[in-house]
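Before any comments, here is the structure.
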Amino acid sequence: MAASTQLGSSAEPPPTHGSPANPNPKSNPKPDPDGRNKSRSDKSLSGKARSKIPFLHRLDVRGAPYAFIAPFFVIFAAFSFYPLIYTAWISLHQVELSTFDVMSWRGLDNYTALLADDRFWNALRNTVTIGVISTVPQLLMALGLAHLLNYKMRGSTFFRVAAITPYATSVGAAALVFTMLFQRDFGMINWGLGLIGIDPIDWENSTGASQTAISAIVIWRWTGYNALLYLAAMQAVPLERYEAAAIDGANRWQQFLTVTVPGIKATIVFTIVLSTIGATQLFGEPLIFGQGPNGVTGGTNNQYQTLGLLLYEEGWKNYQMGRAATVAWAMFLLLVIVFVLQRVISRLRNRTH
C-alpha cells in the first residue's frame, strides 16, 4: 500500500480539458489572438521589402537636393573654377598665343616683372580713378532716384521701366553713342559748352576729360539698375518706423537719413561690392571710346588704360598669354585684398560700437 501510495503520488495527473499536452510550460507557445507572429519565411521576405523601402526613401530625401543643385556646380566648375585654376597655371609660364601648347616655366617671374612695369601701375591708377568717379555719383544718384520712385505717383511703372532701360542697352551701343557725343569737333557736348562760352574740350586726349567721359557711360548704364535694387529694399522697410519718426517730429529728410538709409544698409553694401567688381573689370567702355588702336592702349599716352585693357593688350596684341594671365590674377588678388580689408574694418567698427 505504501508503494502504491508513493507511485500514485508521484504520477502526474492526466491532462485536463483545455490544458496543453506538452508538460513543459516553457516550450508552449503563447496565445496569439491578433496573428502577430509570422513564419520565418514571411519575416525574411518582409524584412527585405522593408530594407529596400528605407534605402530608396533615404536616396530620394538625401540625394534629391544634390541632384537639383548639381547642374550649377557642373557649369561653375567647367566655366569658372577650371578657367581660374588654369589661368593661374599659365601665369607661371611663358606662353605665346601663336604657340599656346608650348610653355616654359617661369615661376613668379611674371609677377615680379608686372610689379616693375610702369604700365601696370598706370592702369591700376586709372582703374581706381575711373572707378571712384563713376561709382560714387552713380550710387548717390541711384539712391535719390529710388527715393523718388518710392513715393506713390502716377505712371510709376513707366518711370521704373525707363530707369532700367539703360541697363538693357548693350555696352557697345551705349559706348558708341557717348563717343559721338564727346567728339571734339562735332560732338553735342562741346556744342552745348560753346553756347555758354566754354571752349571745346579734347575729351579723348586729355587724362581727366577722357576718364570723366568714360565714367559718364558707366553712370548712365548702371544708375537705373542700382536704383531698382534700392527701391526694392526701401519697400521692405516697415511703415511703422516712418510713423514713429514722424511722431518724434522728423521731417522727410531726417526720415530718409535715420530710417531709410539704415534700413537698406545691406543693399548699399551689396551695390558697393558689385560696383567695385565692375570697375575693376572695366573693358568695353574705354575700348570703344578709343575708336581703334588707341582703344587697346587706352589712348596715345595710356591716359585711360584700365587693367582690363592692359590684359587685352598683353594677350591679344603682344601675344603674351602668360603675362595676360598674370594681369588677370593680379586683378583677382586686388579684389580679394579689398574685400578682406572691408570685412576687417566692418568688424572693428562693430566692436567699437
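The values are calculated or read from the model by the stated rules, or taken from the named source; none is laboratory data. Computed from a predicted model, the values in this text were never measured in an experiment. The accessibility values were calculated without ligands, DNA or RNA, using every heavy atom of the protein model including side chains. Shrake-Rupley method; radii C 1.70, N 1.55, O 1.52, S 1.80 Å.
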Tell me, in nm to one decimal, what length is gained between T112 and N205 on full extension, where the rule is 0.36 nm per residue of separation less the Cα-Cα distance? 30.4 nm
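Considering only protein heavy atoms and a probe of 1.4 Å, how much of the accessible area of region 126-191 is carbon and sulfur, as a whole percent? Walk me through the intermediate numbers first.
Values: 3000 of 4040 Å².
Roughly 74 percent, rounded to a whole number.
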Would you work out if region 252-316 is rounded, prolate or oblate? Take a ≥ b ≥ c from the square roots of the eigenvalues of the alpha-carbon gyration tensor; rounded if a/c is under 1.5, else prolate when a/b is larger than b/c, oblate otherwise. prolate
Counting only protein heavy atoms and leaving out ligands, DNA and RNA, the solvent-accessible surface of Y82 at a 1.4 Å probe, in Å² to the nearest 10, equals 130 Å²
With a 1.4 Å probe and all protein chains left in place, how much accessible area per residue does region 167-316 have, in Å²? 50 Å²
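Relative contact order of region 68-144: what whole-number percent is it, with Cα pairs under 8 angstrom and at least 6 residues apart?
Working: 24 pairs, mean separation 11.6, N = 77.
Value for region 68-144: 15 percent.
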